[in-house]
Structures are given as C-alpha cells and as structure tokens.
Amino acid sequence: MTDIKPLIERAIDLHGSQARLAQVIGCSQQQISYLLKAPKVTPEFALKLHDATAGAVSKHALRPDIFGAEPIQGAA
C-alpha cells in the first residue's frame with residue numbers, strides 16, 4: 001500500500017497551509033488533518049487533490065487501485 005502522507009503534505013505545501021488547501025478543495029481543515037493520518041483517500045478526494053495541485057499530487061499516486069498506474073510521460 002502506498003504511503004499517502006508525503007503526497008498530502010506536498011499538496012499542503014503547494015497551497016501554503018491545511019486551511020488554504022481545504023478551502024480550495026471544499027472541505028474543512030480538520031478533514032485535511034485527518035487525511036494526513038488516513039491509510040488512503042476516497043476516489044473523490046484523490047480527484048480533488050489532483051485538480052487542486054494541477055496534477056503535482058496525482059490521482060494515480062493516491063489511488064492506483066482505482067485510477068491505475070501513473071501514465072508514462074511522453075507516451076503516445
């Protein structure tokens with residue numbers, strides 16, 4: 001199982017704080033804090049985090065069981 005904590009921390013860093021990330025994806029700061037301890041995120045949160053970070057935190061990395069492996073860059 002993938003450790004998602006570094007991915008959530010990256011999303012927080014990109015937005016500057018848990019509160020700002022929460023505002024962007026439409027949840028509470030407490031939910032972001034919970035995600036740091038959670039074993040995985042829901043597919044919905046994976047999509048929201050992917051969109052909020054312009055793919056820097058990939059839905060594929062967060063939930064490879066749902067979205068598959070990370071696409072290879074430059075593949076046709």
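Where a number appears in this text, it was derived from the coordinates with a stated rule and is not lab data. Quick caveat, the model's predicted, so the values are computed rather than measured. Counting neighbours? That spans all protein chains shown, and the Cβs are built from the backbone with ideal geometry, glycine included.
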Of SER33, SER28, which residue is among the hydroxyl-bearing types (Ser, Thr, Tyr), surrounded by 13 or more Cβ atoms within 10 Å (Cβ to Cβ) and touching a helix residue (DSSP H, G or I) at 6+ places or on another chain (Cβ under 8 Å)?
SER33
Checking the conditions here, which among ILE66, ILE32, ILE72 is assigned to a loop (DSSP other than H, G, I, E, B) and at negative phi?
ILE72
Name every residue in region 35-63 that is in a helix (DSSP H, G or I) and not hydrophobic (A, V, I, L, M, F, W, C), in order of residue number.
LYS37, PRO43, GLU44, LYS48, HIS50, ASP51, LYS59, HIS60
